[in-house]
Amino acid sequence: MVDDAPGGLSQKLAERAAAALGRAGFDLVQPFRADLHGRADPTALGLPAALRPDGLALLIGASRSLWPAFAAAVTLDPPLAATDEPFDHWIEKTIDSTLGSLGERVQLRFAHDPPPRLAIQRLAVLAGLAPLGPAALVAHPNFGPWISLRAVALLDAPGPPVPALPQLQPCAGCVAPCKTALDEALGGRPLAAAGFGGDWPRWLGVRDACPIGRDWRYSEAQIRYHYDPTARAGVLRELVEAAGLLVR
């Protein structure tokens, strides 16, 4: 039976959701209240209308654990690799089905949805997941910059009665080599106008420069898929070929 004490319902439901999402590869789940306890305007952050004003919301992300889960999905279902944006497609399907199994009404918004975009990095700060580092990347205290923020779920259940405490700034005292790497990647361009293109190794260097979370660096396959558009088809082909070897 779910605890009906103040905050008990939200805590139990958030724990169930985090456990289920964790098994699917999403090992970062931060609960918060949909109205952000009045500290920010949810609509200005790209959040849809909540199912209830004080509703439970979940910020969903992952460390490098997400890629093996995706690779396993392609291995089991090779046609997935032929869909439009297979990684995003798999994320949508997996989060939707995982949260749907909880038996609660859920409204989802994904970081890759078309504009208006989710201000998902700011949400990470407001929800207490992690602060922003000097290079405008969320700096998780354990994983450093080697995380991805994927979705927000709004549930028809009460949210936490008090806001989460902000994470301690893991970058305090650091000489910020990531900021130097970012300046080199930008090459004098404004951040909003910058893109990876052929300079993707420089952008990868921004993450590589951070001393935090180096043991959680993405695999080479994941890096190639996300950073180098010209390599994406080859990475997917390797996953499909691996699936063929398994069934022989």
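The values are calculated or read from the model by the stated rules, or taken from the named source; none is laboratory data. If you're wondering where the values come from, they're calculated on a predicted model, not measured in any experiment. Cβ: placed from backbone, ideal geometry, glycine included. Neighbour counts: every protein chain shown.
Just checking, how many residues over region 1-17 are modelled with pLDDT of 65 or more and among the acidic types (Asp, Glu)? Residues in region 1-17 being modelled with pLDDT of 65 or more and among the acidic types (Asp, Glu): 1 in total. Out of all the residues in region 113-135, which are without any contact (Cβ under 8 Å) to a residue 60 or more places away in the chain and surrounded by fewer than 23 Cβ atoms within 10 Å (Cβ to Cβ)? Selection gives Asp113, Pro114, Pro115, Gln121, Val125, Pro131, Leu132, Pro134. So which residues in region 213-246 are assigned to a loop (DSSP other than H, G, I, E, B) and more than 18 Å from the chain's Cα centre (by Cα)? Asp228 - this is the single residue of region 213-246 that is assigned to a loop (DSSP other than H, G, I, E, B) and more than 18 Å from the chain's Cα centre (by Cα). The residue that is surrounded by the most Cβ atoms within 10 Å (Cβ to Cβ), among those in region 45-64 that are of a type in the set (Gly, Ala, Ser) and under 30 Å from Gly213 (Cβ atoms), is Ala57. Restricting region 158-212 to residues that are under 30 Å from Gly55 (Cβ atoms) and among the polar types (S, T, N, Q) leaves a set whose member that is modelled with the highest pLDDT is Gln169.
Restricting region 102-113 to residues that are modelled with pLDDT of 95 or more and out of contact with any strand residue (DSSP E or B) (no Cβ under 6 Å at 6 or more places or on another chain), which is farthest from Arg202 (Cα to Cα)? Applying the filter and picking the extreme gives Asp113.
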